[in-house]
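The numbers here are math on the coordinates, done by the rules we state, and not lab data. Quick caveat, the model's predicted, so the values are computed rather than measured. Positions of Cβ are generated from backbone atoms using ideal geometry, with glycine treated the same way; all protein chains shown enter the neighbour counts.
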Amino acid sequence: MIMTKATIFGKGNMGGAIAGILAAGGTDVEHINTSSENAIVNGDLVILAVPYTALSDIAGKYGDQLAGKIVVDITNPVDFTTFQLAVPADRSAASELAAALPASIVLKAFNTNFAGSLVSKSVGQNPTTVLIAGDDEAAKATLAAVVTAGGIDAIDAGSLAVARELEAIGYLQLQLAVAQKISFTGGFTVTK
């Protein structure tokens with residue numbers, strides 16, 4: 001079943017790019033600004049297009065509203081003062097979020113994509129692919145369905161434990177872009 005309503009926290013480049021993909025596939029999208037105090041989360045699919053440091057605040061403020069919903073963490077947990085990953089090697093931002101939201105279905109996705117490749121729907125000559133990790137097969141299939149309905153590919157990357165590896169890939173891609181070895185309109189791709 002394709003979700004018809006999604007809530008996206010964050011209206012930056014990634015929030016806008018993801019909204020464009022979802023809307024192109026027929027999903028109704030609403031945005032919540034992270035500074036909102038009393039916002040209502042209407043979507044059954046919730047995308048957290050915010051910095052890693054905002055996750056705990058959102059979980060604290062909106063945890064009750066997120067119960068029973070698919071919550072997608074797109075963050076790359078980078079400490080921008082040291083430019084290193086900010087979570088221990090045996091954890092991920094997604095696993096921390098899942099622990100903070102035990103009544104939600106947490107997925108990791110979009111963190112290995114740049115906004116530019118979501119908008120263009122391509123990375124070089126290849127289609128953009130969203131890698132999805134999570135422990136709920138139906139939730140992963142639902143997210144994959146709304147993504148592919150929007151015109152890009154999606155691959156089930158495995159359990160939520162794989163989020164650590166996805167975050168490492170996202171971190172490497174970000175390092176390469178910051179060093180101007182790849183562009184923010186490019187990035188890694190998956191060919192089938």
| message | For the range 44-51, check the following and say yes or no: at least one residue is of a type outside the set (Phe, Trp, Tyr), in contact with a Lys or Arg (Cβ under 8 Å, 6 or more places away or on another chain) and surrounded by fewer than 22 Cβ atoms within 10 Å (Cβ to Cβ). | response | yes
| request: Residue by residue through the range 168-192, note down the ones that are surrounded by 17 or more Cβ atoms within 10 Å (Cβ to Cβ) and either touching a helix residue (DSSP H, G or I) at 6+ places or on another chain (Cβ under 6 Å) or part of a loop (DSSP other than H, G, I, E, B) (or both). | output: Ile182, Gly186, Gly187, Phe188, Thr189
| Cβ-Cβ below 9 Å, separation at least six or inter-chain, first residue in the range 151-162 and of a type in the set (Ser, Thr, Tyr), second crowded, with 18+ Cβ neighbours inside 10 Å: which pairs? | Ser159/Ala133; Ser159/Gly134
| Can you pull out the residues in the range 93-144 that are in a loop (DSSP other than H, G, I, E, B), within 13 Å of the chain's Cα centre (by Cα), closer than 25 Å to Gly63 by Cα and of a type outside the set (Phe, Trp, Tyr)? | Ala109, Asn111
| message | From the list Ser104, Ser95, Ser56, exactly one residue is among the small types (Gly, Ala, Ser), surrounded by fewer than 16 Cβ atoms within 10 Å (Cβ to Cβ) and under 21 Å from Arg164 (Cα atoms). Which is it? | response | Ser56
| request: Return the total of residues in the range 28-60 being over 16 Å from the mean Cα position of the chain (by Cα), under 20 Å from Leu107 (Cα atoms) and not charged (D, E, K, R). | output: 3
